[in-house]
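Q: First the structure, which I've put down as structure tokens, then a few questions once you've had a look.
The values are calculated or read from the model by the stated rules, or taken from the named source; none is laboratory data. Since the structure is predicted, the reported quantities are computational estimates derived from the model, not experimental observations. Neighbour counts run over all protein chains shown; Cβ positions are idealised from the backbone, glycine included.
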Amino acid sequence: METPALAAKNIVKYFSDPVTVKVLNDVSFSVNRGEFVSVIGKSGCGKSTLLYILSTMDTEYQGELYIDGENMKLKDHSQLADVRNEKIGFVFQFHYLLNEFSVLKNVMLPALKLARLSHEEIEFKAMEKLKLLGIENEARKKANQLSGGQKQRVAIARALINDPLIIMGDEPTGNLDKKNSDIVFDIFKQLASEMKQTLLIVTHDQEFANKTDRIIEMEDGAIIRQ
Amino acid sequence: MKFALIFDIARSLMLARFRQTLIAAIGVTFSITMFIALLGFMNGLNSLLDGLILNRTPHIRLYNEIKPNEKQPLLLSEEFRNSYPFIHSIKPSGGRIEIHNALAIMAELKKDNRILGVSPKIVSQVFFNSGSVDITGVINGVDIDQETRLYAFNDYVIDGKSSDLKLVPNSIILGKAAAQTMMLNIGDLVQVTTPTGERMQLKIVAFFQSGLQELDKTQSYASISTTQKLMGKSNNYISEIQIKLHDMNKAPALAKQFAEIFNVQATDIQTANSQFETGSSVRSIISYAVGITLLIVAGFGIYNILNMMIYEKLDTIAILKATGFSGKDVNRIFITIALTIGIFGAVFGLLLGYLSSYGIDQIPFETEALPTIKTYPVAYNISFYVIGGVFALVTTYLAGFFPARKAGRVDPVVIIRGK
Ligand SMILES: Nc1ncnc2c1ncn2[C@@H]1O[C@H](COP(=O)(O)OP(=O)(O)OP(=O)(O)O)[C@@H](O)[C@H]1O
Ligand SMILES: [Mg+2]
């Protein structure tokens, strides 16, 4: 059997400020390569918290996390940074761009960090991703000159730039209209089926979720259905 | 990870906060400028003052001192061999103040490669008689060529030519102040009387002005042979041998050595002029202290600005980390910012420091006492520039170190969740 792209085993997360609360309670699941999975659940049930752990940014949890078969608990901070750079594309709940840079540069940065391609190749590839999301005309603008929806699409383009193993999104279509939301869905679908990339997308949009391969439903920090 | 990318990101962050960055760099520039100008000026002043005395002073003087004989007759007596004598009222004996075998000693010293030059000297008290006035003074019999070569004698000759001392028989160079008192001019004759009563008319060929009134009133120079003639001594009479070394710091050790070898008294410049050394080093310490204080203040400026920048750029740092930049990368970005500010500040500071040194160098500064000085003295020592540059980089690095470390430790989750 193929190693799953991502596997979570008995993940428990506490917040201790101001009082100790268990936000994630024994979360276990795995996602195979090329699978398009959505995560749904009520606001405050721990979806974002889970995603931060899965994306290796949050290291304070109990349980185990395997990405591409590797145990993330065994890696130090800079190795985790490399994993994020190479294997994970993340789209935040509130699109996060670097205002000091142009739209194009924002998309290019993770690839420049990875340094596998030349500058020209990276620029070309970044333009491709922007075209894919229909915002190639904004490439030269500063990031803060875009609308909310445009920013979100730039953030998606940036998540795709290194052709990551897994793309995680925390409501990546939250700011998009129906038409653009459909476009993004189609792109995701295509990445999963053609590029064998794995998608783990948190959404409030039931219709969006229904079209994915699998739905993981959470309640009070635990998975109730998958 | 490639430095080009780090630098690119650092540059973008700096451009986004251009004005603060500029102000930080100006702080460094200002302090380096002051550092260079201050040190240059202080050291210029130091070498001027040192030059006033030290450059004209031999590093080692060999001479015979009039003092009681160490071997008193009593000690030679068999009878008192085993006793400890107390002798009262000993008087100096054998008033021979010339150096025995001086010419041979000089010939020997000239072969020593630690020595830059050796010159003979005869010193005698004299009276100058002009009309009915008698002035006490000192005549120095010197080898004028050596004196010029080793002790910059010509710097202080303000009228006439010192080389005439060799060419004109029975000639003398008088201090300007003494000449003024006696109302004498170049070409005039002055009568010189030695303590033993010998007299001679000497022709004035030049005036000197050393800047030290005391010397200008009493000292005079004549050739060795003229002085020997004046004193009625033979031509191997030399009362002092002056030595200038390549390295002044070796003077104390060599003085001891020569004293033993040649059986004479020897004084080194450090012992003779210790107060000048102290003055110079105190002035240097003050200027370094002020310069370094300025740099530290500039360092705090950079520290503040970087801290502020990091606070403003928390989002940027979080996103860089989320997309795969490690804490080390982020740390390097901010160190790069600090060092860029340091390098730009230092380069302009060194440049402006040089220009302001040059400016000070142009300001007229004329004083009776210092005939060779026309403008304020400034030292252009490459080591000030090196120290200033290195210290600027070290300070900015340290100023960047803690903010950069803080930036490297920013937890992206806290920032991203906080939105
Ligand atoms: N830093 C924190 N300290 C304490 N509690 C926290 C902290 N961050 C989140 N929580 C709590 O953890 C729970 C899960 O939060 P999380 O952001 O994961 O919810 P979510 O499922 O993403 O909700 P939403 O759909 O609104 O984004 C919430 O009850 C929240 O109050
Ligand atoms: Mg959330």
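Q: How do the pairs read when you match residues in the stretch B:224-239 that are under 14 Å from B:S119 (Cβ atoms) with residues anywhere that are of a type in the set (S, T, N, Q) and part of a helix (DSSP H, G or I), using Cβ under 9 Å and keeping only pairs 6 or more apart or on different chains?
A: B:I238/B:Q228
Q: At pLDDT below 80 and either in the same structural domain as B:Y237 (by TED's automatic domain parsing) or in contact with a Pro (Cβ under 7 Å, 6 or more places away or on another chain) (or both): which single residue out of B:P73, B:P92 fits that description?
A: B:P92
Q: If you don't mind, there's one more thing I want to ask. Examine the stretch B:354-364 for a residue that is of a type in the set (S, T, N, Q) and either surrounded by fewer than 16 Cβ atoms within 10 Å (Cβ to Cβ) or without any contact (Cβ under 8 Å) to a residue 60 or more places away in the chain (or both), and state whether such a residue exists.
A: Yes - at least one qualifying residue is present in the stretch B:354-364.
Q: Can you name the condition, by its number, that A:T59 falls short on among (1) within 18 Å of the chain's Cα centre (by Cα); (2) near ligand 1 (Cβ under 7 Å from one of its atoms)?
A: A:T59 satisfies all of (1) within 18 Å of the chain's Cα centre (by Cα); (2) near ligand 1 (Cβ under 7 Å from one of its atoms) except (2).
Q: Let me confirm something: among A:L98, A:L112, A:L80, which residue is assigned to a loop (DSSP other than H, G, I, E, B), among the hydrophobic types (A, V, I, L, M, F, W, C) and within 12 Å of chain B (Cβ to nearest Cβ)?
A: A:L98
Q: Please determine whether any residue of the stretch B:128-150 is assigned by TED's automatic domain parsing to the domain that holds B:Q201, of a type in the set (G, A, S) and within 30 Å of B:E260 (Cβ to Cβ).
A: Checking the stretch B:128-150: at least one residue is assigned by TED's automatic domain parsing to the domain that holds B:Q201, of a type in the set (G, A, S) and within 30 Å of B:E260 (Cβ to Cβ).
Q: Hey, could you check the stretch B:1-57 for residues that are more than 14 Å from chain A (Cβ to nearest Cβ) and of a type in the set (S, T, Y) and say which is farthest from B:G400 (Cα to Cα)?
A: Per the stated criteria, the residue is B:T57.
Q: Also, quick follow-up: Would you pick out the residues in the stretch A:22-42 that are within 16 Å of ligand 2 (Cβ to nearest atom) and either within 14 Å of chain B (Cβ to nearest Cβ) or aliphatic (A, V, I, L, M) (or both)?
A: Selection gives A:V23, A:L24, A:V27, A:V39, A:I40.
Q: Taking the stretch B:280-323 only, how many residues are within 14 Å of chain A (Cβ to nearest Cβ) and in contact (Cβ under 8 Å) with a residue 40 or more places away in the chain?
A: Total meeting the criteria: 13.
Q: If a residue must be of a type in the set (D, E, K, R) and either at pLDDT below 80 or assigned to a helix (DSSP H, G or I) (or both), how many such residues does the stretch B:264-296 contain?
A: Adding up the residues that qualify gives 2.
Q: Taking the criterion of being surrounded by 16 or more Cβ atoms within 10 Å (Cβ to Cβ), at pLDDT 85 or above and over 18 Å from B:S124 (Cβ atoms), would at least one residue in the stretch B:214-236 satisfy it?
A: yes
Q: Those residues that are surrounded by 13 or more Cβ atoms within 10 Å (Cβ to Cβ), on the phi < 0 side of the Ramachandran plot and charged (D, E, K, R), I need them from the stretch A:57-72; list them, please.
A: Those that are surrounded by 13 or more Cβ atoms within 10 Å (Cβ to Cβ), on the phi < 0 side of the Ramachandran plot and charged (D, E, K, R): A:D58, A:E64, A:E70.
Q: Would you mention how many residues in the stretch B:149-163 are surrounded by fewer than 18 Cβ atoms within 10 Å (Cβ to Cβ) and either assigned to a loop (DSSP other than H, G, I, E, B) or not aliphatic (A, V, I, L, M) (or both)?
A: The qualifying residues number 6.
Q: Exactly one condition in (1) surrounded by 15 or more Cβ atoms within 10 Å (Cβ to Cβ); (2) within 14 Å of chain A (Cβ to nearest Cβ) is not met by B:A266; state its number.
A: Tallying (1) surrounded by 15 or more Cβ atoms within 10 Å (Cβ to Cβ); (2) within 14 Å of chain A (Cβ to nearest Cβ), B:A266 fails exactly one: (2).
Q: Got a number for residues in the stretch A:196-226 being part of a loop (DSSP other than H, G, I, E, B) and over 16 Å from the mean Cα position of the chain (by Cα)?
A: Residues meeting the conditions: 6.
Q: Can you name every one of the helices (runs of 4 or more DSSP H) wholly within the stretch B:1-119 that holds 3 or more residues which are at positive phi and surrounded by 15 or more Cβ atoms within 10 Å (Cβ to Cβ)?
A: none
Q: For the stretch A:126-169, name all the residues that are within 21 Å of A:K189 (Cβ to Cβ), free of Cβ contacts under 8 Å to residues at least 40 places away in the same chain and among the basic types (K, R).
A: Correct list: A:K129, A:K131, A:R153.
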